[in-house]
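Heads up, the thing below is written out as structure tokens.
What follows is calculated from the coordinates using simple rules that are stated; it is not laboratory data. These figures come from a predicted structure and were not determined experimentally. As a convention, Cβ positions derive from the backbone with ideal geometry for all residues, glycine included, and neighbour counts pool all protein chains shown.
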Amino acid sequence: MADDVSSVLIDGPWTHRMLAANGARFHVVEAGRDSEGPLVLLLHGFPEFWWAWRHQIPALADAGYRVVAMDLRGYGASDKPPQGYDTFTLAADAAAVVRCLGVRSAVVAGHGWGGWIAWAMATMQPDVTQGVAAFGMPHPLVLRQASRTDPRQIRANGYLWSMQTPFLPERAMSSGPRYTRKLMRAWSGDDAWPDAALVERYAGALTLPFVAHSAAEYYRWVVRSVLRSDGRRMVNRLSQPVPVPALLVHGSADGCVLTESTRGSQAYCRGGYREERLPGVGHFVPEQAPDEATRILLDWLPGVAQR
């Protein structure tokens, strides 16, 4: 098991910062700090860390936006506390990071789990959420319904059920690159992606102390809370209309969230909705189709910033 977070402090056209927010410390990567444009907060998914947005960070900064990509609770160089992996806390984490950056609100873009959190922020943290862009993640209640009624999505959720067992998922995630390679290739819809270097990058980050356990806790909470009061509170909050502009970008080859499972997000959106489908692209849209992901964001953002 690696124990040196320097492996995720990768140099580039950005700066690394640690922020104290919501009772924890969060590692963020920032570019365009002196820009007068709005803040764009980037949230990664599983099994990744901030590096998932490496293509978009400089491109958005060059376009005049202040860009911050954070390591979510339990990932990368951020704190890995034993609890706090519920949707309410994760949304509060991101909102607290926005406030720590000295701004009132941000456009929140997320991939996978980051997309789930971005959607949640629109109704759980509306004061700091200027817009929502979700990659590979429909509105959470749309995915929740598909996970109950669509046999194909239920089969695709096999990884989700495997996360419910104690110890075994952590052991698999932290034992080497095999788990990461198999999962990412299945979700990408591309047997040649990711390459060995990217697999090693993400697999190494999963071996940092407590990261594998933290990653599993996200999935454990979302399943085990279904019949609990906290799960019902989440559904009640997410049932409220999304009051800000929303963007959904989805790859047709996504092996994690199937295309059929993404239909219906517009019904939750009151502040405007745009949907983009990318043929032949899998779950990891910002990395598998970086130019397209960046182009779509840059085309959508001005309309959000002017509101």
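Using alpha carbons only, the radius of gyration of the chain set against its Kirkwood radius gives Rg/Rh = 0.92.
A cut-off under 15 angstrom between Cβ atoms defines the neighbours of Val97, and their net charge, with Lys, Arg +1 and Asp, Glu -1, is +2. In this structure the amide hydrogen of Cys256, modeled in the peptide plane, comes within under 5 Å of the amide hydrogens of His283, none closer than 5 places in sequence on its chain.
Relative to the Cα centre, the charge distribution of the chain, modelled as +1 at Lys and Arg Cβ and -1 at Asp and Glu Cβ, gives a dipole magnitude of about 1080 debye. For segment 194-207, 3J(HN,Hα) computed residue by residue from phi via the Karplus equation (6.51, -1.76, 1.60; θ = phi - 60°) reads x, 6, 4, 5, 6, 4, 4, 4, 6, 5, x, 5, 6, 8 Hz, glycine and proline entered as x. With the highest mean first, a sort of the peptides 171-180, 146-155 on other beta-carbon atoms found within 10 angstrom per residue produces 171-180, 146-155. Net charge of the neighbourhood of Ala146, taken over other residues with C-beta under 15 Å away and scored Lys/Arg +1, Asp/Glu -1, is +2. From the alpha carbon centroid of segment 115-188 to that of segment 253-307 is 16 Å. Taking the fewest neighbouring Cβ atoms within 10 Å as the starting point, the ordered list for His250, His55, His27 is His55, His27, His250. A Förster radius of 41 Å combined with the Cβ-Cβ distance from Arg274 to Ser6 puts the calculated FRET efficiency at roughly 0.60. For segment 183-192, backbone phi angles converted through the Karplus equation (6.51, -1.76, 1.60; θ = phi - 60°) give residue-by-residue couplings of 5, 5, 6, 5, 7, 7, x, 9, 5, 9 Hz, Gly and Pro being listed as x.
For the chain, adding -39500 (n - 2.57) for each run of n ≥ 4 DSSP H residues and dividing by the number of residues yields -12000 deg cm²/dmol at 222 nm. Packing, as the average of other Cβ atoms within 10 Å across residues, places the peptides 217-229, 105-117 in the order 105-117, 217-229, highest first. Classify segment 216-304 as rounded, prolate or oblate, taking a ≥ b ≥ c as the square roots of the eigenvalues of its Cα gyration tensor: rounded when a/c is under 1.5, otherwise prolate if a/b is larger than b/c and oblate if not. Since a/c reaches 1.5 but b/c is at least a/b, the shape of segment 216-304 is classed as oblate. For Glu275, the residues 5 or more places off, or on other chains, whose built amide H falls under 5 Å of its own are Leu248. Under the simplified labelling scheme, the Phe167-Arg152 pair shows an inter-label distance of 3.8 nm, with each label point 7 Å from Cα along Cα→Cβ. Mean silhouette area of segment 57-142, derived from the convex hull of its C-alpha atoms and averaged over all directions, reads 5.9 nm².
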